[in-house]
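For reference, the structure is listed below as structure tokens.
Read-outs throughout are calculated quantities, based only on the coordinates presented, and are distinct from any laboratory measurement. All of these numbers come straight from a predicted model, not from anything done at the bench. Here Cβ is always computed from backbone atoms with ideal geometry, including for glycine, and neighbour counts include all displayed protein chains.
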Amino acid sequence: MGTIERRIIKIPAEKLSGVDHMFGRMINMDTEKLPAKFQTAFEKTKEAAYQNFRMEAVFESFKVERIEGDSIHLENAVVLNSGLMAEVFCQSFELVFAVTTLHGYEALDEAEENILLKLFLDSWGTALIECGNQWVEQNVAKELEDKEIYATHSFSPGQNDIPMEMQTQIFQAINPKEIGVTLNDRYMMHPKKSVSGIFGIQTEKIENRIRPCDICERKHTCPASMAR
């Protein structure tokens, strides 16, 4: 059994910070200086998002047995093949698998015909799931720090040289179907506003931890980039 036992939690949207700012980055506008012609759409879609969207996460940690070359062997018989992950998690004694999802977006999007409102709803969905996922990681990191152990940043299948096929290993390990998330044959998740990731647990606190955005070629243009 790992340090973090399997857990399913609900994410309180009202407790998330930075959602309006993230929304602004999605639509490339300053929400504090939003043009008057967009104010009604902003307020209407924000209210709809907070009333109809709900978020959940499932996560669990697994002990690292050994790291050989580009492969990480876990005690649950999972083998992760990624040179990047083997480097980032070289000091980790456990890895946490996590999936965070947002329900309710598809129904609102399908019902909405106005293109601007659809764009805003999409941006609220992305902003909420990004901030919700950060909230989960920050709370797990705080829980670990209370035990004087520390979390790395999270890395996801599809980033840099991390293969998308790794989605299957995450799903087999923590069964996100219990929070309504499924995986198709192209390794894409449904609901579409879902995030999967893996982060390490280690005994040493490293102030300049490697972030996925640090080594991404889109770090200067991606609205959600932590490196901006």
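Points worth noting:
- Isotropically averaged projected area of the chain, using the convex hull of Cα atoms (one quarter of hull area), nm²: 12.9
- Cα long-axis angle, helix 36-52 against the chain (0 to 90 degrees, to the nearest 10): 50
- Full extension of the chain segment joining residue 41 with residue 106 gains 21.6 nm, where the gain is 0.36 nm per residue of separation less the Cα-Cα distance.
- Length-normalised contact order of the chain in % [C-alpha pairs under 8 Å, at least 6 apart]: 25
- Distance between modelled label sites at residue 86 and residue 10, nm, 7 Å Cα→Cβ extension: 4.4
- Efficiency of FRET from Cβ geometry, residue 54 and residue 168, R₀ 22 Å, rounded to 0.05: 0.25
- By the helix-only formula, in which each DSSP H run with n ≥ 4 contributes -39500 (n - 2.57) and the sum is divided by residues, the chain has a 222 nm mean residue ellipticity of -11000 deg cm²/dmol.
- Among 36, 141, 86, residue whose mean-square fluctuation peaks in a GNM of the chain (springs only between Cα atoms under 10 Å): 36
- Looking at the range 41-143, the GluC sites (Glu not before Pro) that sit in a DSSP loop and have at most 14 other Cβ atoms within 10 Å of their own Cβ are 75, 113.
- Given their separation in residues at 0.36 nm each and the Cα-Cα distance between them, residue 21 and residue 160 gain 47.4 nm when the chain is fully extended.
- Set of aspartates and glutamates near residue 63 by C-alpha distance (under 12 Å), chain-local residues within fewer than 8 positions excluded: 5, 75, 94
- Theoretical gain in end-to-end length, residue 145 to residue 203 [0.36 nm per residue, Cα-Cα removed]: 19.9 nm
- Pair residue 63, residue 116: separation of 7 Å Cα→Cβ label points (nm): 5.9
- Counting only aspartates and glutamates at least 8 places from residue 44 when in the same chain, those with an alpha carbon closer than 15 Å to its own are 20, 109, 112, 113, 122.
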